[in-house]
1. Counting only heavy atoms of protein chains, what accessible area per residue, in Å², does segment 169-232 have with a probe of 1.4 Å?
2. Please identify which residues in segment 239-266 have an amide N closer than 15 Å to a label point set 7 Å out from the Cα of LEU205, following the Cα→Cβ vector.
3. How large is ³J(HN,Hα), in whole Hz, for each residue of segment 197-205 in order, when computed from phi with the Karplus curve 6.51 cos²θ - 1.76 cosθ + 1.60 and θ = phi - 60°, using x for Gly and Pro?
4. Rounded to whole Hz and in sequence order, give me ³J(HN,Hα) for segment 132-141 from the Karplus expression 6.51 cos²θ - 1.76 cosθ + 1.60, θ = phi - 60°, writing x for Gly and Pro.
5. Here are some pairs, LYS90/LYS257; LYS63/LYS126; LYS112/LYS264; LYS63/LYS130; which of them have Cα atoms lying more than 22 Å apart in this structure?
6. Under the definition of Cα pairs under 8 Å and six or more residues apart, what whole-number percent is the relative contact order of segment 181-266?
7. Please list, by residue number, every one of the GluC sites (Glu not before Pro) in segment 131-229 that is coil in DSSP and has at most 10 other beta-carbon atoms within 10 Å.
8. If we count every other residue with Cβ under 15 angstrom of GLY203's Cβ, Lys/Arg +1 and Asp/Glu -1, where does the sum land?
Amino acid sequence: MGRQKSFIKLEGTFDDLTFYERSGKQLVRKKGSLDKDRILKDPNFKRTRENMQEFGGAARVSKFFRHTLNALISEQGGSLAASRLTGLFKRLASKGPGKRGQRDILMAPNIKFFDKFEFNETREFKEVFKALYPAPEIDANRSVVTWELPSFANKDLHVPEGTTHYQFFLATTALSDHAFDEETKFYEPVVPEFAERRAVAMGALVPYEEEGSSTPETLSTDLELTDPMPETVVSISVVGVLFFQESNGTMYPLHGKQSLRIEKVA
């Protein structure tokens with residue numbers, strides 16, 4: 001793999017070279033010699049096809065999850081959030097029952113893989129917010145989540161340069177187990193009606209003063225379930241803090257400087 005140094009940014013395949021961008025860098029590599037048809041049919045590539053199918057399933061689950069919290073993740077989650085989430089669900093697939101290439105992607109038995117997942121690796125929540133705080137609490141139906149944010153000294157909040165205001169939030173969504181469907185040849189949610197369940201609670205927009213302190217705040221989300229959530233679905237809660245710069249009465253979000261993590265899975 002080489003790096004492009006020309007001021008002209010190329011993308012695509014020319015002769016036997018492929019030009020592409022990754023993490024803001026312009027890269028070039030030699031075109032692979034493997035034929036797509038061979039990968040799809042040659043018995044020697046059976047394991048490769050199995051891995052491709054499960055990777056596709058992981059990407060599909062990642063997309064379902066990101067869709068429910070789309071604005072928060074796409075705008076605040078960092079440039080690699082999507083690929084890192086796909087990697088998380090690929091690990092779940094490797095632990096699932098069934099034959100290779102079609103193993104179930106189960107949530108509840110693999111809660112530990114979600115533990116404290118950071119969406120923005122360059123602004124990890126544990127490094128941005130140093131104050132001690134309790135984990136969100138969830139009711140018996142796994143529908144109502146409450147986060148009691150205590151008072152803290154502003155010095156415990158690592159704000160990016162130019163910050164004039166900050167805002168904490170709590171977001172909760174439901175995510176179903178996924179299983180391979182022989183008819184569609186895709187991974188499908190076991191309980192599809194939960195695909196759109198989500199709730200977001202935004203805290204107060206607070207002016208930032210380095211020597212100041214915050215006041216306690218309670219954030220609560222409700223998925224509005226009347227019955228207990230099925231065992232094949234988990235409730236996932238994300239906490240985070242957003243930073244803004246005020247200019248002439250308008251709040252401008254400091255994109256790329258926000259911080260959010262998975263704090264509760266039940």
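1. Numbers: 3690 Å² over 64 residues.
Each residue of segment 169-232 exposes 58 Å² on average to a 1.4 Å probe.
2. Once the point is set 7 Å along Cα→Cβ of LEU205, 242-255 turn out to lie under 15 Å by backbone N, inside segment 239-266.
3. 6, 6, 7, 10, 10, 9, x, 6, 7
4. Values, residue by residue: 6, 8, x, 5, x, 9, 10, 7, 4, 7 Hz.
5. Numbers: LYS90/LYS257 28 Å; LYS63/LYS126 25 Å; LYS112/LYS264 11 Å; LYS63/LYS130 31 Å.
Beyond 22 Å between Cα atoms: LYS90/LYS257; LYS63/LYS126; LYS63/LYS130.
6. Working: 68 pairs, mean separation 20.2, N = 86.
Rounded, it is 24 percent for segment 181-266.
7. GLU161, GLU182, GLU183, GLU209, GLU210, GLU211, GLU224
8. Numbers: positive: none; negative: GLU148, GLU217, GLU263.
After counting each charged neighbour, the total is -3.
The values are calculated or read from the model by the stated rules, or taken from the named source; none is laboratory data. Since this is a predicted model, take the numbers as computed values, not measurements. Please note: Cβ atoms are built from the backbone with ideal geometry, for glycine as well, and neighbour counts cover all protein chains shown. Side chains included, ligands, DNA and RNA excluded: accessible areas come from the protein's heavy atoms. Shrake-Rupley method; radii C 1.70, N 1.55, O 1.52, S 1.80 Å.
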